[in-house]
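The values are calculated or read from the model by the stated rules, or taken from the named source; none is laboratory data. Note that the structure is a prediction, hence the values are computed from the model and not measured. Neighbour counts are summed over all protein chains in view; Cβ atoms, including those assigned to glycine, are modelled from backbone coordinates with ideal geometry. Keep in mind that these areas ignore ligands, DNA and RNA; they rest on the heavy atoms of the full protein, side chains included. Shrake-Rupley method; radii C 1.70, N 1.55, O 1.52, S 1.80 Å.
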Amino acid sequence: MRGSYQLSLCVILPLPQNVKDYLLDDGTLVVSGREEPPTPSHPDSDDEAEEIQWSDDENTATLTAPEFPEFTTKVQEAINLLGGSVFPKLNWSAPRDAYWIAMNSSLKCRTLSDIFLLFKSSDFITRDFTQPFIHCTDDSPDPCMEYELVLRKWCELIPGAEFRCFVKENKLIGISQRDYTQYYDHISKQKEEICRCIQDFFKKHIQYKFLDEDFVFDIYRDSRGKVWLIDFNPFGEVTDSLLFTWEELVSGRNLKGEVSEADAQEQDSPAFRCTDSEVTVQPSPYLSYGLPKDFVDLSTGEDAHKLIDFLKLQRNQQEED
């Protein structure tokens with residue numbers, strides 16, 4: 001991209017095929033990439049040793065994770081270069097749906113093992129590997145993908161200062177509050193200023209300079225009003241539309257809803273949506289990923305067979321009682 005703009009520091013590393021195979025392997029339970037293996041515990045006395053039951057089953061196999069010494073070294077060097085903590089992602093997606101499994105309940109990673117734990121637990125990452133072009137509409141065969149690990153310098157960002165911007169035919173058509181699970185009073189009070197600031201940034205640094213004319217980009221607006229470019233995303237269903245719907249964004253209809261006369265005069269201004277009050281707060285879309293899939297299917301009714309089995313179980317329990 002031409003022109004100067006603010007973008008958080010990152011390091012991009014090619015992802016070896018054996019690492020990709022490991023991440024997609026459901027049978028590998030042990031997380032690889034640890035700097036220090038866990039210290040085995042030793043019994044303090046002979047009595048404690050007698051209480052330990054050892055398995056005599058010769059068929060019992062010990063799962064060990066594969067090692068990637070060269071890749072591990074490169075990743076750790078990149079992490080150290082970026083200050084010791086990073087935000088990881090693949091070519092497109094970050095493992096946002098797997099934050100719940102990390103010890104810190106965050107995507108903040110300090111080692112390759114932290115990254116592997118998130119990636120192996122993420123449906124978003126699996127989708128990037130197995131169905132990267134599922135929403136593409138052209139008839140050309142899927143190209144051979146060269147996957148990359150993107151490590152971005154970790155920064156403590158205020159969620160209420162993040163915004164997602166939607167661009168169609170090189171025109172900024174919509175801006176959405178990124179974290180719509182919370183109400184931020186300053187966003188409601190500074191709508192016009194925030195919108196104008198993002199528009200100026202888009203026109204100066206991004207418009208007509210990106211490779212595609214339809215795309216999505218995320219920005220961060222700090223307390224001084226300075227805009228930082230965070231990331232680019234595809235314009236389509238694979239990207240979260242947040243407070244918009246993709247039907248609205250693609251068709252361009254009902255983006256601004258009922259606009260006032262003053263707003264109607266500014267036809268070129270993008271639609272701006274935010275959580276206007278505590279009443280309109282919505283739950284996080286990632287909460288369901290921390291639950292067993294059977295629970296989610298039952299609550300949403302997506303799997304009719306599981307629902308039928310559950311009702312039969314309930315009926316049998318009632319008959320027994």
Which of the residues that make up the range 202-216 are open to solvent by less than 30 Å² (accessible area, probe 1.4 Å), assigned to a helix (DSSP H, G or I) and within 22 Å of Gly252 (Cα to Cα)?
-> Phe202
Among the residues of the range 188-202, the number that are in contact (Cβ under 8 Å) with a residue 12 or more places away in the chain and in contact with a Phe, Trp or Tyr (Cβ under 9 Å, 6 or more places away or on another chain) is 6
Determine whether Leu81 is modelled with pLDDT of 55 or more and either within 21 Å of the chain's Cα centre (by Cα) or buried (at least 17 other Cβ atoms within 10 Å of the Cβ) (or both).
-> no
Hey, among the residues in the range 84-122 that are among the charged types (D, E, K, R) and over 19 Å from Gln17 (Cα atoms), which one's least open to solvent (accessible area, probe 1.4 Å)?
-> Asp97
Restricting attention to the range 170-188, and to residues there that are touching an Asp or Glu at 6+ places or on another chain (Cβ under 7 Å), over 30 Å from Thr126 (Cβ atoms) and modelled with pLDDT under 95, which single residue is surrounded by the most Cβ atoms within 10 Å (Cβ to Cβ)?
-> Tyr183
Look at Leu15 and say whether it is among the aliphatic types (A, V, I, L, M), at pLDDT 55 or above, more than 19 Å from Leu151 (Cβ to Cβ) and within 21 Å of the chain's Cα centre (by Cα).
-> no
Residues in the range 236-253 that are more than 15 Å from Asp214 (Cα to Cα) and either in contact with a helix residue (DSSP H, G or I) (Cβ under 6 Å, 6 or more places away or on another chain) or without any contact (Cβ under 8 Å) to a residue 12 or more places away in the chain (or both) total 2
